[in-house]
């Protein structure tokens, strides 16, 4: 893959690699663009944990970030290159420049997700030889409202406390150790040496994110005082929506309804802040079906976000 060709596109539009000072600008852009973008909470989490597409560039107009794009190359999980492009709806010229850049870096079959309502990006996709694919992009959501989560005796949901930072990190790491996740039987053995990349640095980054609220950084405390599960609820007052990202349960405490209780608590806390919808970035998946099945039991439904556009090489 050749290096990106960066530089001036017009007198006032420039493409450049992201810099640390772009972190907050990208989250603010997502707030302005939503729902024609990643949820700003989910984007904050991606940036905090260094999980953005790579390579990536931002488009600046007169020094302000107006759009961005990144590429996820073919890998062990996907045989296709995937382009993420956000901001064309507000600045079609920037969108066109970013799509040209991304296609210059891409080979073979390329997939481009387009959110519902983003006519500028769908027009660009068709102009550059993409065609819509039948399979929609989905996630799960439900209305916010006062809920009464049911927990086993001795378990309590509460916000994380000051001084629990390291315990909070370890709770996440234990919950997301690949070999202990509830994979279906058709998935082969998972290397027990693999571990989550989450660390104290990533957690500190998370807490500096635009939408982070310590009262919405939730843990489930077990009867012995340890942390049994955790999640972050990212509430955006501008759109009156929350995203839950991520959520995990420590292996010794699974199958006790803790995940369901957390996503119901997210509904209550969102409602009390004036919000009306809660989203979770997951959907029914044969490879890893447990989360979607759990959320469906407490009223979360599959919702279409958009469609994939495909360009075959």
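The values are calculated or read from the model by the stated rules, or taken from the named source; none is laboratory data. These numbers were taken from a predicted model, which means no experiment stands behind them. Neighbour counts are summed over all protein chains in view; Cβ atoms, including those assigned to glycine, are modelled from backbone coordinates with ideal geometry.
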Members of the range 97-109 found to be surrounded by fewer than 21 Cβ atoms within 10 Å (Cβ to Cβ) and in contact with a helix residue (DSSP H, G or I) (Cβ under 7 Å, 6 or more places away or on another chain), listed by number: none
Flagged in the range 236-246 as crowded, with 20+ Cβ neighbours inside 10 Å and touching a helix residue (DSSP H, G or I) at 6+ places or on another chain (Cβ under 6 Å), in numbering order, are 236, 242, 243, 244, 245
Give the residue, chosen from 94, 125, 69, 88, that is in a loop (DSSP other than H, G, I, E, B) and buried (at least 22 other Cβ atoms within 10 Å of the Cβ). 88
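Look at the range 110-122 and say how many of its residues are crowded, with 16+ Cβ neighbours inside 10 Å and either at positive phi or touching a strand residue (DSSP E or B) at 6+ places or on another chain (Cβ under 9 Å) (or both). Even if it seems obvious, please write down each step before you answer.
Going through the range 110-122, the residues crowded, with 16+ Cβ neighbours inside 10 Å turn out to be 110-115, 118, 120-122.
Those left that are additionally either at positive phi or touching a strand residue (DSSP E or B) at 6+ places or on another chain (Cβ under 9 Å) (or both): 110-115, 118, 121-122.
Of the residues in the range 110-122, 9 are crowded, with 16+ Cβ neighbours inside 10 Å and either at positive phi or touching a strand residue (DSSP E or B) at 6+ places or on another chain (Cβ under 9 Å) (or both).
For the range 180-193, state whether one or more residues are under 30 Å from residue 24 (Cα atoms) and either surrounded by fewer than 13 Cβ atoms within 10 Å (Cβ to Cβ) or out of contact with any helix residue (DSSP H, G or I) (no Cβ under 6 Å at 6 or more places or on another chain) (or both). Break it down into steps so the answer makes sense when it comes.
The first filter runs over the range 180-193 and keeps only residues under 30 Å from residue 24 (Cα atoms), leaving none.
No, every residue in the range 180-193 fails to be under 30 Å from residue 24 (Cα atoms) and either surrounded by fewer than 13 Cβ atoms within 10 Å (Cβ to Cβ) or out of contact with any helix residue (DSSP H, G or I) (no Cβ under 6 Å at 6 or more places or on another chain) (or both).
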Considering each of 165, 146, 126 in turn, give the residue that is over 30 Å from residue 204 (Cβ atoms), at pLDDT 95 or above and touching a helix residue (DSSP H, G or I) at 6+ places or on another chain (Cβ under 8 Å). 146
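Does residue 291 satisfy being closer than 30 Å to residue 126 by Cβ, assigned by TED's automatic domain parsing to the domain that holds residue 146 and not in a strand (DSSP E or B)? Even if it seems obvious, please write down each step before you answer.
Details: closer than 30 Å to residue 126 by Cβ: no; assigned by TED's automatic domain parsing to the domain that holds residue 146: yes; not in a strand (DSSP E or B): yes.
Taking the combined requirement at face value, the residue does not satisfy it.
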If you take the residues in the range 299-313 that are over 20 Å from residue 42 (Cβ atoms) and under 21 Å from the mean Cα position of the chain (by Cα), which one is surrounded by the fewest Cβ atoms within 10 Å (Cβ to Cβ)? 299
If I ask for residues that are under 23 Å from residue 245 (Cα atoms) and assigned to a strand (DSSP E or B), which ones from the range 41-66 would you list? 56
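One line per residue, one yes/no per condition, for (1) modelled with pLDDT of 95 or more; (2) closer than 18 Å to residue 40 by Cβ; (3) buried (at least 17 other Cβ atoms within 10 Å of the Cβ); (4) within 18 Å of the chain's Cα centre (by Cα):
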| position | (1), (2), (3), (4) |
| --- | --- |
| 231 | yes, yes, yes, yes |
| 253 | yes, no, yes, no |
| 256 | yes, no, yes, no |
| 264 | yes, no, yes, no |
| 287 | no, no, no, no |
Is it fair to say residue 240 is in contact with a strand residue (DSSP E or B) (Cβ under 8 Å, 6 or more places away or on another chain), outside the structural domain of residue 110 (by TED's automatic domain parsing) and modelled with pLDDT under 95? no
